Amino acid sequence: MSNVKKFDSFAISASAGCGKTEEMAIRLLGMFLSDPEPEKVFNSVMAVTFSQSGAREIYNRIIEILFDT
């Protein structure tokens, strides 16, 4: 997980196929894992996507990064 970084607020706006999902997954993980109390961060984050399939893709990407699948 060497690519996990700490970020605060952010917005991602780009064309299809530019890596938005990957970037969002990495930034969300960075926010969760860089805090000594990640459950507090988790309870204060709002991530927005325009479809259930987009949300599912972000979730799956986070799982892939965490478990190197």
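Flag not set for Ser2, criterion: part of a loop (DSSP other than H, G, I, E, B) and modelled with pLDDT of 85 or more. The set of residues from the range 9-23 being part of a helix (DSSP H, G or I) and without any contact (Cβ under 8 Å) to a residue 12 or more places away in the chain comprises Lys20, Glu23.
Of everything listed in (1) in contact with an Asp or Glu (Cβ under 9 Å, 6 or more places away or on another chain); (2) modelled with pLDDT of 80 or more, the single unmet condition for Val41 is (2).
Filtered by the rule that a residue be over 11 Å from the mean Cα position of the chain (by Cα) and either at pLDDT 85 or above or closer than 18 Å to Asn60 by Cβ (or both), the range 13-30 gives Ser15, Ala16, Gly17, Cys18, Gly19.
The values are calculated or read from the model by the stated rules, or taken from the named source; none is laboratory data. These figures come from a predicted structure and were not determined experimentally. Don't worry about glycine lacking a Cβ; one is built from the backbone with ideal geometry, like all the others, and counts go over all protein chains shown.
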